[in-house]
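First the structure, in the form of structure tokens, and then the observations on it.
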Amino acid sequence: MKDYRSPIRSKLEEELVSFLESPASYPDKPQAVRVLQTHISWVFIAAPLVFKVKKPVNLGFLDFSTLEKRRYFCQLELFLNRRLSPDVYSLQANGEAAEYSVKMKELPWIKNSTGP
């Protein structure tokens, strides 16, 4: 099993990650999808786009435990980050949301950076 799957606690999370790690799930049909994980998010790099999904966690100081809370924090992240990078971030929705994510343009990695 891949490392990022270890903290998955539900069948719904498993299905979400499996769906988003598949290139066929994206309109631009990337050749591959790289999956990164933080304590609070999954990041799906599907060049030329990146999607960050907040994990349904409650760490006390940070509560993403409900879909509505994750939507709120995605909107807050979008608001804060667009001040410095207005063309990088977006939050689009069509139809009923199963989950929310922050949609970003992939930025080039700097040579010798610590990025993937």
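Pull out all pairs, ordered by first then second residue, where Cβ-Cβ is under 8 Å, the residues are six or more apart or on different chains, the first lies in region 18-30 and is part of a loop (DSSP other than H, G, I, E, B), and the second is of a type in the set (Val, Ile, Thr) and surrounded by 12 or more Cβ atoms within 10 Å (Cβ to Cβ).
GLU21/VAL33; GLU21/VAL35; SER22/VAL33; TYR26/VAL33
Taking the conditions exactly as written (modelled with pLDDT of 95 or more and assigned to a strand (DSSP E or B)), does PHE51 satisfy them or not?
Judged against the criteria, PHE51 is not a match.
For region 41-96, how many residues meet the condition of being small (Gly, Ala, Ser), without any contact (Cβ under 8 Å) to a residue 40 or more places away in the chain and either surrounded by 13 or more Cβ atoms within 10 Å (Cβ to Cβ) or in contact with a Gly (Cβ under 6 Å, 6 or more places away or on another chain) (or both)?
4
Hey, could you check region 54-95 for residues that are in a helix (DSSP H, G or I) and of a type in the set (Lys, Arg) and say which is farthest from the chain's Cα centre (by Cα)?
So in region 54-95, the residues in a helix (DSSP H, G or I) come out as 67-82.
Those left that are additionally of a type in the set (Lys, Arg): 69-71, 82.
Numbers: LYS69: 15, ARG70: 11, ARG71: 12, ARG82: 16 Å.
The qualifying residue farthest from the chain's Cα centre (by Cα) is ARG82.
In region 1-39, which residue that is surrounded by 14 or more Cβ atoms within 10 Å (Cβ to Cβ) and among the hydrophobic types (A, V, I, L, M, F, W, C) is modelled with the highest pLDDT?
Per the stated criteria, the residue is VAL33.
The values are calculated or read from the model by the stated rules, or taken from the named source; none is laboratory data. Because the structure is a prediction, the values reported are computed rather than measured. Positions of Cβ are backbone-derived with ideal geometry, glycine not excepted, and every protein chain shown enters the neighbour counts.
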